[in-house]
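Here's the structure, in structure tokens; my notes come after.
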Amino acid sequence: MAEKSSPAARCMARVLSRRGFLDDMFTGLMGIGLLDLLARDVPAAQWVPGQGMPHFPAKAKRVLQIFCPGAASHMDLWDYKPELFRRDGQPLPGEENLISFQGKNGPLMAPPWPFKPAGECGKYISTMLPHLAKHVDDIAFIHSMTSKSNTHGPACVFMNTGQTAEGFPSAGAWVSYALGSENRNLPTYVAIPDIRGEPPNGKANWSAGFLPARHQGIVMAAHRPVRNLATPESISIEEELATRRFLNFLNRKHLEQRPGNSELQARVAAYELAARMQLSAPEVANLAAEPASVHKLYGTEDPNRLKAAYARNCLLARRLLERGVRYVTLYCASRASGVDGLLNWDAHKTLKADYQRHCPILDQPTAALLTDLKQRGLLDETVVIWTTEFGRMPTRQEGTRGRDHNPDGFTCWMMGAGVKGGTSYGATDPFGRRAVENVTTVWDFYATVLHLLGLDHTRVTYYYNGLDRRLTDVAGHVIHDILA
């Protein structure tokens, strides 16, 4: 009787046989394919924030946000409502005695200017935006946006952070935290305020909140050059370098004794970045290096001082993006003033006069920026978002020719990398009063932006005060209908 072979011997015999070799080769190839698929979708346990590693293949590398503070009126710019023209002066059906943010409302009010179809898609746009109208075939309009606040400060913060209270990280800070920098000699996140001032609630709009402080937005603007970059002539290069080395030694020793202090880490990182920016910042801010044709395109020498200043900021934004700044927020207008609508889009009393002032400032420079990004191929890697904090009422405020606040329906839009242009998503009712179709939240909006960056918004989290916090709170759905 033959002696039975051991399990190890039988296994070795199988490996050495031709059939065993072929079986194992087939299984091995399956394993290689599985590993490749898994590598394309990074598991949450392996994803490391700030390393430039998305969760899945990204459509975009960076974001340009254009923000119009003061609540730019959707039905006077982007959201064509024929009923407002037909029923101008009539009561708003079902809300004849409406009381809104600043009091009682009067009848329906038609937009001061007509709308015309633009582009191959035939999108109706206000005739006050002739330059931006040329880009509608690349834009995805979201006409069903909603906000949780009807007050400018909290609503601006909500649009930028996903929370109405201050102290939470802005979208740019979250992107900085998630992906890190593309250019170690420039900030990862830059906020460009308007020459007229900061937006409502100021720096809370680009705050790092509870994220490590190094992720907060760095303020730059064409009218606010970075100060103190030049080394005094009395200090030699050798002295400068030796001083830096000594300071770095002291900072590192100090930091080693306080490892959990993120503000201290951010301060050290800021000093190091400042040293590198001594070479990079003057170059990126040197708008004079641009040819005359580019300045003419943007309107940087326009007789309108406010338009020229905003145009220079638009040009600065392009220069930052092409040098790898991950997130740029560009503001067009500022916080509210003593006179409604003077410094921002908050047109309570005289909408026509206010928008005759604001639309030309926004239109040509912004359209030029979009054209420039597209011509340079930057739009293939950049998602552009246009935002405002809420919309306006379809009625006029009693005794005025202006509109009150309306958080129940307004328009934002996207274009660029991964966005399906020439589309409109969602809708307000026939008067523009409320979002009624595909109602969209700020969390949905940013879930979509993060998706374009290759990030699963539910996995971009930071543990703080007992909770895994995220930009999209506990909500948010990707708007797949506007994705290419």
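Worth pointing out:
- Filtered by the rule that a residue be in a loop (DSSP other than H, G, I, E, B) and over 18 Å from Leu370 (Cα atoms), the stretch 56-81 gives Phe56, Pro57, Ala58, Pro69, Gly70, Ala71, Ala72, Ser73, Asp79, Tyr80, Lys81.
Residues are listed down the side, and each one gets a yes or a no for (1) basic (Lys, Arg); (2) surrounded by fewer than 20 Cβ atoms within 10 Å (Cβ to Cβ); (3) at pLDDT 90 or above; (4) over 21 Å from Tyr463 (Cβ atoms):
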site: Trp174; (1), (2), (3), (4): no, no, yes, no
site: Asn205; (1), (2), (3), (4): no, no, yes, yes
site: Val219; (1), (2), (3), (4): no, yes, yes, yes
site: Ser236; (1), (2), (3), (4): no, yes, no, yes
site: Glu239; (1), (2), (3), (4): no, yes, no, yes
site: Phe246; (1), (2), (3), (4): no, yes, no, yes
site: Leu255; (1), (2), (3), (4): no, yes, no, yes
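- Taking each residue of the stretch 68-92 that is farther than 24 Å from Ser149 by Cα and looking for partners that are of a type in the set (Gly, Ala, Ser) and surrounded by fewer than 21 Cβ atoms within 10 Å (Cβ to Cβ) with beta-carbon atoms closer than 7 Å, six or more apart or interchain, yields Leu84/Ala110; Phe85/Ala110; Asp88/Ala110.
- Hits in the stretch 201-223 (condition: assigned to a loop (DSSP other than H, G, I, E, B) and more than 29 Å from Ala289 (Cα to Cα)): Asn201, Ser207, Ala208, Gly209, Phe210, Leu211, Pro212
- Looking across the stretch 163-175, the residues that are in contact with a Gly (Cβ under 8 Å, 6 or more places away or on another chain) and either assigned to a helix (DSSP H, G or I) or closer than 24 Å to Gln51 by Cα (or both) come down to Phe168, Pro169, Ser170, Ala171, Gly172, Ala173.
- Taken together, Lys116, Lys134, Lys104 contain a single residue that is surrounded by fewer than 19 Cβ atoms within 10 Å (Cβ to Cβ), assigned by TED's automatic domain parsing to the domain that holds Val436, of a type outside the set (Asp, Glu) and part of a helix (DSSP H, G or I), which is Lys134.
- Within the set Pro200, Pro225, Pro169, the sole residue that is at pLDDT 95 or above and more than 25 Å from Val478 (Cβ to Cβ) turns out to be Pro200.
- Scanning the stretch 135-143 finds no residues that are modelled with pLDDT under 95, out of contact with any Phe, Trp or Tyr (no Cβ under 7 Å at 6 or more places or on another chain), closer than 30 Å to Gly422 by Cβ and not small (Gly, Ala, Ser).
- Among residues of the stretch 232-251 that are over 14 Å from Ala269 (Cα atoms), those with a Cβ under 7 angstrom from a residue that is part of a loop (DSSP other than H, G, I, E, B) and among the hydroxyl-bearing types (Ser, Thr, Tyr), sequence gap 6+ or separate chain, pair up as Glu240/Thr231.
- Hey, Phe85 in contact with a Phe, Trp or Tyr (Cβ under 6 Å, 6 or more places away or on another chain), on the phi < 0 side of the Ramachandran plot and either modelled with pLDDT of 95 or more or not assigned by TED's automatic domain parsing to the domain that holds Cys412 (or both) or not: no
- Among the residues listed as Asp380, Asp363, the single one being touching a residue at least 12 places away in the same chain (Cβ under 8 Å), among the charged types (D, E, K, R) and within 23 Å of Gly70 (Cα to Cα): Asp363
The values are calculated or read from the model by the stated rules, or taken from the named source; none is laboratory data. Everything quoted here is computed from the prediction, not taken from an experiment. Glycine gets a Cβ as well: all are built from the backbone with ideal geometry, and neighbour counts include every protein chain shown.
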